[in-house]
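Visitor: Mind looking over this structure? Questions follow.
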C-alpha cells in the first residue's frame, strides 16, 4: 500500500517504518506539509548557522547542524543512521568515513590542493556519498558546504538557483552530477553548483 506522505522518487532516501514513527508534528498528513515543516526548520537553522563563526569541519558541528535543521520535525535528527540505504556507506563506516572526509578537507585547505569551489564540491559530494543521517542528507550537505565556502571567504553556491526538493529537472541535473562524481568525474558537479 502506498503512503502519499512518504512516497519517494528514484533519488530519494526511503525511511524505515521505525524512522517514519520519528515524525514529531502530528498534524502532518501530506508530503507538502512535511516539506513546509522541514523548510521552516531549515530556515531557522540557516539563521543560527550563518550568524556565528562555525567550525564546519567538526563532526559535532555537523551532527548539531542536522539536528537544528530537522529537530522540530524528526526525533532522529542529528543521529547517524543505523540501517542500510539505497545510497551511502554501510552504517558502521559512517563515523570513520566522515572523520576521513573532514581530515582530507582540512588538508586540501591547508595545502591549497584545489581552488575553493572544488574543495566545496568535493566536500559536498563526499558528505552526500557517506549519507550519515536517515534523511535530509542533500539539504544538510548543501548548507554545510555553503558554510564552508563562507568560512573560506567565498560566496555560497547557487545550486541550480532553485529549491531542489520541488524542482524535477534541476533535481535530476543535481543527482546526475553527484553520480558523475561517484565515478570520479567532479566537473559536472562543479558546473552545477554555480549554475
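Visitor: Where is the GNM fluctuation largest for the chain (alpha-carbon springs, 10 angstrom cutoff): 97, 117, 185?
Guide: 185
Visitor: Roughly what angle does helix 59-70 make with the longest principal axis of the chain, taking Cα atoms, 0 to 90 degrees, to the nearest 10?
Guide: 40
Visitor: Let me ask something additional. Tell me the volume per residue, in Å³, of the convex hull enclosing the alpha carbons of the chain.
Guide: 116
Visitor: So what does the Cα-only Debye profile of the range 84-191 read at q = 0.10, 0.15, 0.17 Å⁻¹, as log10 I(q)/I(0), no solvent term?
Guide: Each listed q maps to, in turn, -0.27, -0.62, -0.81.
Visitor: Here is a further query. Which log10 I(q)/I(0) values, to two decimals, does the range 50-131 give at q = 0.14, 0.20, 0.25 Å⁻¹ under the Debye formula with one point per Cα?
Guide: -0.53, -1.02, -1.33
Visitor: With angles folded into 0 to 90 degrees, how steeply does helix 31-50 sit against the dominant principal axis of the chain? Use alpha carbons for both and round to 10.
Guide: With both axes taken from Cα atoms, the answer is about 40 degrees.
Visitor: Measure nothing fancy, just the Cα-based angle from helix 137-151's long axis to the longest principal axis of the chain, in degrees from 0 to 90, nearest 10.
Guide: Approximately 30 degrees, to the nearest 10.
Visitor: Once you've got the GNM for the chain with C-alpha springs shorter than 10 Å, pick whichever of 180, 116, 17 has the biggest mean-square fluctuation.
Guide: Looking only at 180, 116, 17, the biggest GNM fluctuation is shown by 17.
Visitor: Given the rule -39500 (n - 2.57) for each run of at least 4 DSSP H residues, summed and divided by the residues of the chain, what is its mean residue ellipticity at 222 nm, to the nearest 500 deg cm²/dmol?
Guide: So the calculated ellipticity at 222 nm is -17500 deg cm²/dmol.
Visitor: Rounded, prolate or oblate: pick one for the range 37-76, where a ≥ b ≥ c are the square roots of the eigenvalues of its C-alpha gyration tensor, a/c under 1.5 means rounded, and failing that, prolate if a/b is larger than b/c, else oblate.
Guide: On the way: a/c = 3.54, a/b = 1.37, b/c = 2.58.
Because a/c hits 1.5 or more and a/b fails to exceed b/c, the range 37-76 counts as oblate.
Visitor: Further question on the same structure: If we sort 133-141, 76-84 on the protection proxy, mean other Cβ atoms within 10 Å, highest first, what's the order? Before the final figure, lay out each step's value.
Guide: Working: 133-141: 23.4, 76-84: 17.4.
So the peptides 133-141, 76-84, ranked by packing, come out 133-141, 76-84.
Every number in this text was worked out from the coordinates using simple rules, so none of it is lab data. Because the structure is predicted, anything quoted here is derived from the model rather than measured. For neighbour counting, all protein chains shown are included, and Cβ atoms are generated from backbone atoms with ideal geometry for every residue, glycine included.
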